[in-house]
Amino acid sequence: MSVIKTEKIVKIYNSKHLPVKALKGVDIEIEKGEFTAIVGPSGSGKTTLLNIIGGLDKPTEGKVFIDNEEITQLTDSKLIDFRLKNIGFVFQSYNLIPVLTAKENVSFIMLLQKKSQKEMDQRAEELLNEVGLSDKFNVRPNKLSGGQQQRVAVARALASRPKFILADEPTANLDTESAFNLLDIMARLNKEENITLIFSTHDQRVIERARRVITLVDGEVSSDEHFDR
Amino acid sequence: MKTLIKISWRNVWRNKARSIVIILATGFGLWGGIFATALMSGMIQQQFDSSIRNQVSHIQIHNPEFVKEKQAEYSIHNAKQITDFIENNEKVFSYAERTLVSGMLATASMTSGVELYGIYKSQEEITTSFKDNLIEGDYFESISRNPVIIGKSLADKMNISIGNRIILTFQDLNGDITSAAFRVCGIYQTSNSMNDGRNVFVKNTDLAALIGSDDIVNEIAILLHNIDNVNAFSEELNSRFSGNEVRTWYHISPDLSFMNEFSGMALMILLIIILFALAFGLLNTMLMTIFERTRELGVLMSVGMSKLRVFTMILLETSFLVVIGSVFGTIIGALTVALTSRRGIDLSGFGAEAMSEFGFDSVIYPTLDNMFYLNLAILVLITAILSAVYPARKALKLNPADAVRKE
């Protein structure tokens, strides 16, 4: 069963002078447990597609289904709630809440989900242990390295037990060691816990680990390859 | 909510210097507002108290004809029954009966028009602060025959000292002009130099003998225990003793009433202006904060933080800034008021005479009631909310997809 399904997604940005067609009828289907990399040159529509799948933006035409529920028809406030319950986000620039500690950052999503304090503490510690930050529970982001911050961001994305994780160029700001470290963690989570991962990237290190690579060129899917890794 | 409060509180201290500047601006702004308000309130309250205690009292009773023509012959109807009733009424603190005639004061070289008050010294002593206002001499004690007490400005103008002899001339009840020699036993001074230059006080018995009747009462001034009872008590007097004119302090001196009401409003407007200016400072700070944290707000909205929560967070941050600043300002304001209200502030260097002309004391005792602080708290909260609304709306309009990528 597909977790994500898009039907003829078109996205046109109405700039002042010239409308820009960022996506030109994208059809993709992603199954549970996939590790998918969406790749392509700058301006190919990777981020736009990720935003639309993640409910952060709405397509001009077409439909997006998450677990068979069409999210393109949802109102803004319902979309916020939908994102909270179903999608984990990892951003390029980590984007942790600077005034919260690593553990509080991870707990934050669960807090929005109104989980009990005990459950939040337990899961946040479990996830930080899993990403190798058991000694950084009470450290604020400015005292963590880029790689550590991104690992906290992964733990945060997992905290709500989402249906899938969207990661927008998560390794772009990391050095090689940190990037491999992060990819190892994510690949392990994907294999061991069957977590669905969708990356937008043009980092070769990510592409080499992904089991499916969808290439976008000029807003269209130009290739869709599966690898047995 | 606990975490929202925690995040907002920590956000306030992310840029310490900026937060401290806005807190200090709020604090000192409020301090200025509180102190200016207390100073003005003190000034007005003192003038009000002084007018009530020196001149007006809470209620005055006259013969209606006397109010029109000010002739001593128009005595209050049933004055004895009225004073009996007043004497036994629990609402009444004290009263004073007076005989009033207009006349002329003459020394060897000068004359001046005066209002002559025939008073009972024991009644006047508790009803008005007249005795306390004596700055020289005594209260009808050292001179047994025809003692008179005059105001300082009159004494200065006419060059009169204690012990001097003056001639008072006026009409008696038969319409004949009568004169008598009086000796100055005391000189008083109030904060109203105009009254001091006009009002002259003699013993009622001395005046009664000169005008030819000892049962003339032109004025009964009543002081109540509680000023809030003036309406009810004046109505009671009116219904019991018809034929007289019973007037409350605000009828006798509408300027006092106007000043009392207007000053409260004016001071509140002053405070609103100060808070309005502060609101713009806050608005600016919060807008800067929103612009600086666009990406972070985008993340919060992306991961599922509702608009209401984002709004609440910004409202809380603004409120923290305002509340800390206000508490600081209120504490130093209240301390300043407490300190100066005991010692008073001597403004005589800024023109004691000019202030006295307008009935103000030159030493001001700033004062504020608890209601002011309650109103202030409400205004501060309104300021916080108003200055948070626009930045919060800006934040809510952010597109999370764009915001998370903002450099």
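The values are calculated or read from the model by the stated rules, or taken from the named source; none is laboratory data. Everything numeric in this text was worked out from a predicted model, so none of it was measured. All Cβ positions, even for glycine, are placed from backbone atoms using ideal geometry, and neighbour counts span all protein chains on display.
Residues of segment A:57-115 that are crowded, with 17+ Cβ neighbours inside 10 Å and polar (S, T, N, Q): A:THR72, A:ASN86, A:GLN92, A:SER93, A:ASN95, A:THR101, A:ASN105, A:SER107. Candidates in segment A:103-131 are the residues that are within 14 Å of chain B (Cβ to nearest Cβ) and under 23 Å from A:ARG188 (Cβ atoms); of these, the one that is modelled with the lowest pLDDT is A:ILE109.
Determine if segment A:195-213 includes at least one residue that is more than 24 Å from A:ILE30 (Cα to Cα) and touching a Leu at 6+ places or on another chain (Cβ under 7 Å). Outline the logic, then answer.
Quick first cut of segment A:195-213, residues more than 24 Å from A:ILE30 (Cα to Cα) only: none.
Within segment A:195-213, none of the residues are more than 24 Å from A:ILE30 (Cα to Cα) and touching a Leu at 6+ places or on another chain (Cβ under 7 Å).
Might you check whether a residue that is of a type in the set (Phe, Trp, Tyr), away from chain A (no Cβ under 14 Å), within 32 Å of the chain's Cα centre (by Cα) and over 30 Å from B:ASP84 (Cα atoms) occurs anywhere in segment B:251-258? The answer is yes; a qualifying residue exists. Among residues of segment B:381-407 that are assigned to a loop (DSSP other than H, G, I, E, B), those with a Cβ under 6 angstrom from a residue that is of a type in the set (A, V, I, L, M, F, W, C), sequence gap 6+ or separate chain, pair up as B:LEU398/B:LEU297; B:VAL404/A:PHE91; B:VAL404/B:VAL299.
Residue count for segment A:77-93 satisfying the condition of being under 14 Å from the mean Cα position of the chain (by Cα), facing chain B (nearest Cβ under 8 Å) and in a helix (DSSP H, G or I): 3. Residue pairs whose Cβ atoms lie under 7 Å apart, sitting 6 or more positions apart in sequence or on different chains, and linking a residue in segment B:310-330 that is modelled with pLDDT under 90 and of a type outside the set (A, V, I, L, M) to a partner that is surrounded by 22 or more Cβ atoms within 10 Å (Cβ to Cβ) and outside any helix (DSSP H, G or I), do not occur here. Take the residues of segment B:379-393 that are among the hydrophobic types (A, V, I, L, M, F, W, C) and more than 22 Å from B:LEU267 (Cβ to Cβ): which is surrounded by the most Cβ atoms within 10 Å (Cβ to Cβ)? Here the residue is B:ALA388. The residue of segment B:301-336 that is surrounded by the most Cβ atoms within 10 Å (Cβ to Cβ), among those that are polar (S, T, N, Q) and within 11 Å of chain A (Cβ to nearest Cβ), is B:SER302. Looking only at segment B:379-399, residues that are more than 19 Å from B:GLY281 (Cα to Cα) and of a type in the set (A, V, I, L, M, F, W, C) come to 2 in all. In this entry, B:GLY298 passes the filter for residues that are within 14 Å of chain A (Cβ to nearest Cβ) and out of contact with any strand residue (DSSP E or B) (no Cβ under 9 Å at 6 or more places or on another chain). Scanning segment A:36-45 for residues that are within 17 Å of A:PHE164 (Cα to Cα) and of a type outside the set (Ser, Thr, Tyr), we see that the one that is surrounded by the most Cβ atoms within 10 Å (Cβ to Cβ) is A:ILE38. Checking the conditions here, which among B:SER50, B:SER41 is assigned to a helix (DSSP H, G or I), of a type in the set (S, T, N, Q) and surrounded by fewer than 21 Cβ atoms within 10 Å (Cβ to Cβ)? Result: B:SER50 is the single residue among B:SER50, B:SER41 that is assigned to a helix (DSSP H, G or I), of a type in the set (S, T, N, Q) and surrounded by fewer than 21 Cβ atoms within 10 Å (Cβ to Cβ). Condition test on A:LYS58, is it touching a Ser or Thr at 6+ places or on another chain (Cβ under 8 Å), under 19 Å from B:ASP402 (Cβ atoms) and assigned to a strand (DSSP E or B)? So A:LYS58 does not fit the description; no.
A quick yes/no check of all residues on (1) buried (at least 20 other Cβ atoms within 10 Å of the Cβ); (2) over 18 Å from the mean Cα position of the chain (by Cα):
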position: A:LYS118; (1), (2): no, yes
position: A:PHE137; (1), (2): no, yes
position: A:THR171; (1), (2): yes, no
position: A:ALA179; (1), (2): yes, no
position: A:LEU183; (1), (2): yes, no
position: A:ARG211; (1), (2): no, no
position: A:ASP218; (1), (2): no, yes
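Taken over segment B:307-350, residues that are within 30 Å of B:ALA392 (Cβ to Cβ) and not β-branched (Val, Ile, Thr) amount to 16. For B:HIS58, the conditions (1) modelled with pLDDT under 90; (2) more than 14 Å from every other protein chain (Cβ to nearest Cβ); (3) in contact with a helix residue (DSSP H, G or I) (Cβ under 7 Å, 6 or more places away or on another chain) are fulfilled apart from (1).
Taking the conditions exactly as written (hydroxyl-bearing (Ser, Thr, Tyr), part of a loop (DSSP other than H, G, I, E, B) and within 14 Å of another protein chain (Cβ to nearest Cβ)), does A:SER42 satisfy them or not? For A:SER42, the condition - hydroxyl-bearing (Ser, Thr, Tyr), part of a loop (DSSP other than H, G, I, E, B) and within 14 Å of another protein chain (Cβ to nearest Cβ) - is met.
Tell me, which helices (runs of 4 or more DSSP H) wholly within segment A:144-227 include 1 or more residues that are under 18 Å from A:ASN95 (Cβ atoms)?
Ranges flagged: A:146-159, A:176-193.
Among the residues of segment B:259-290, the one identified as closer than 13 Å to B:ALA392 by Cβ and either within 14 Å of another protein chain (Cβ to nearest Cβ) or loosely packed, with under 15 Cβ neighbours inside 10 Å (or both) is B:THR289.
Of all residues in segment B:286-299, none satisfies being in contact with a Phe, Trp or Tyr (Cβ under 7 Å, 6 or more places away or on another chain), modelled with pLDDT of 90 or more and in a helix (DSSP H, G or I).
Exactly one residue out of B:VAL67, B:VAL92 is under 25 Å from B:THR190 (Cα atoms), out of contact with any helix residue (DSSP H, G or I) (no Cβ under 7 Å at 6 or more places or on another chain), modelled with pLDDT of 85 or more and more than 14 Å from chain A (Cβ to nearest Cβ): that is B:VAL67.
With the condition kept exactly as written, say whether any residue in segment A:50-65 is within 27 Å of A:GLU193 (Cα to Cα), in contact with a helix residue (DSSP H, G or I) (Cβ under 9 Å, 6 or more places away or on another chain) and more than 10 Å from every other protein chain (Cβ to nearest Cβ). Yes - at least one qualifying residue is present in segment A:50-65.
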